[in-house]
Amino acid sequence: MHLEDLRARVGQEIALSEWVTVSQEMVSGFADATGDHQFIHVDPERAAQTPFGGPIAHGFLTLSLLAGHLMTAGGAPRLEGARMVVNYGLNRVRFIAPVPVGSRLRNRAVLLNVEDGAGYAQLTVGNTIEIEGAPKPAATAETVMRVYL
């Protein structure tokens with residue numbers, strides 16, 4: 001896709017990812033990587049005694065899935081001539097609903113803005129991370145990416 005074609009899609013959905021299952025192994029690995037071993041994430045027996053009824057994913061694990069699984073698996077448009085894409089930041093992040101271990105997540109991405117820079121285009125994308133069968137999303141976040149041309 002050319003940059004001008006992408007500009008024409010501002011305000012439109014540009015990707016819908018495949019479903020990704022959040023496993024206990026994924027949650028425990030994230031706990032090990034970050035040092036966040038709160039029992040609601042890593043101790044299924046204790047977590048079962050909470051209002052969640054079992055272990056839940058870290059909010060930041062859910063958010064971090066945007067860096068790979070929930071963006072690349074959705075047929076997100078590829079810009080012709082792009083040399084690389086880097087994460088530039090996040091806006092308006094909210095963790096709306098807990099993600100029970102075993103849940104399936106997907107991302108719905110809407111292009112919010114395209115700005116020109118010196119040798120790059122900066123894209124702002126509104127993401128809604130959905131939980132299969134749940135009335136509320138797990139999280140919403142605006143990601144800001146720079147596509148170097």
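Here are A82, A109, A97: which of them is more than 16 Å from the chain's Cα centre (by Cα) and aliphatic (A, V, I, L, M)?
Values: A109 fails: more than 16 Å from the chain's Cα centre (by Cα); A97 fails: more than 16 Å from the chain's Cα centre (by Cα).
Criteria check complete, one pass: A82.
Which count do you get for residues in region 2-11 that are surrounded by fewer than 14 Cβ atoms within 10 Å (Cβ to Cβ) and assigned to a loop (DSSP other than H, G, I, E, B)?
Looking only at that region, the number is 3.
Got a sec? Which helices (runs of 4 or more DSSP H) wholly within region 32-149 have at least 1 residues that are at pLDDT 95 or above?
Numbers: elements: 39-42, 44-47, 59-64, 69-72.
Hits in region 32-149: 39-42, 44-47, 59-64.
If V85 passes every condition in (1) farther than 19 Å from G133 by Cα; (2) loosely packed, with under 14 Cβ neighbours inside 10 Å but one, which one does it miss?
Condition not satisfied by V85: (2).
Taking M1, is it within 23 Å of V144 (Cα to Cα), touching an Asp or Glu at 6+ places or on another chain (Cβ under 9 Å) and not polar (S, T, N, Q)?
Numbers: within 23 Å of V144 (Cα to Cα): yes; touching an Asp or Glu at 6+ places or on another chain (Cβ under 9 Å): yes; not polar (S, T, N, Q): yes.
It is true that M1 is within 23 Å of V144 (Cα to Cα), touching an Asp or Glu at 6+ places or on another chain (Cβ under 9 Å) and not polar (S, T, N, Q).
Residues in region 98-149 that are without any contact (Cβ under 8 Å) to a residue 24 or more places away in the chain, surrounded by 16 or more Cβ atoms within 10 Å (Cβ to Cβ) and not β-branched (V, I, T): how many?
Looking only at that region, the number is 1.
If a residue has to be farther than 16 Å from V99 by Cα and crowded, with 18+ Cβ neighbours inside 10 Å to count, how many in region 12-68 make the cut?
Total meeting the criteria: 3.
Exactly one of these conditions fails for L16: (1) touching a strand residue (DSSP E or B) at 6+ places or on another chain (Cβ under 6 Å); (2) free of Cβ contacts under 8 Å to residues at least 60 places away in the same chain. Give me its number.
Result: L16 fails condition (2) only.
The values are calculated or read from the model by the stated rules, or taken from the named source; none is laboratory data. Computed from a prediction, not measured in an experiment: that's the story for all the values here. FYI the Cβ positions are ideal-geometry reconstructions off the backbone, even for glycines, and counts take in every protein chain you see.
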